[in-house]
Amino acid sequence: MRSISPGPLPCRDSGRAGGAASQQNPFNHWPQLAFELRDARIKVNSADPGFTATDLNQHGGYQTFEQGASEAVRLALLPADGPTGGFFSTAGRDPW
C-alpha cells in the first residue's frame, strides 16, 4: 500500500495540473482521483462529519466524536461493489 499525497494530480487530457486555485484546494482533486482509479479496487469518497464537538470548536458541536467519525468508518468498510466518487454524510449521499 502506498500513500497518495494531497498535491496536484495530472489531468488525463493535458498531462498537467489545473490552475492555481485547483492546486490550493485538495477537495478539487478527489473526483479526478476517483475517475483515475475507477477500474482499480480502490474507493475514493469524501465524508462530511457534521458539526462534531472537537477542540477546534471548543466542543461546541452537537455530535460526539464517535458520531462524527461514523460516516468515515462506514466508507472505509465499503464492500468491493460499493460507491466511489461520492460525497456522503450520515444522511446519505450528498450533492457536491
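Read-outs: derived from the displayed coordinates by stated rules, not from any lab. Values in this document were obtained by computation on a predicted structure and should not be read as measured data. Glycine gets a Cβ as well: all are built from the backbone with ideal geometry, and neighbour counts include every protein chain shown.
Considering all C-alpha pairs of the stretch 20-94, those separated by over 19 Å amount to 46%.
Taking amide H positions as modeled 1.01 Å from N, with prolines and chain starts lacking one, the residues under 5 Å from Ser89 and 5 or more places away or on another chain are Asp48, Asp94.
Using the Cβ-Cβ distance between Ala91 and Leu37 with R0 set to 41 Å, the FRET efficiency works out to roughly 0.95.
Think of the stretch 20-94 as a dipole: +1 on every Lys or Arg Cβ, -1 on every Asp or Glu Cβ, centred on the Cα centre; then among Leu75, Thr90, Gln58, Leu75 lies furthest on the positive end.
Our coupling estimate for the stretch 39-51, obtained by passing each phi through the Karplus curve with A = 6.51, B = -1.76, C = 1.60 and θ = phi - 60°, is 9, 8, 8, 10, 9, 10, 9, 10, 10, 9, x, x, 7 Hz, Gly and Pro reported as x. For the stretch 20-94, a crude dipole built from +1 on the beta carbon of Lys and Arg and -1 on the beta carbon of Asp and Glu, taken about the Cα centre, is about 160 debye to the nearest 20. For Asn45, the amide hydrogen comes within under 5 Å of the amide hydrogens of Gly85, counting only partners 5 or more places away or on other chains and with H modelled in the peptide plane.
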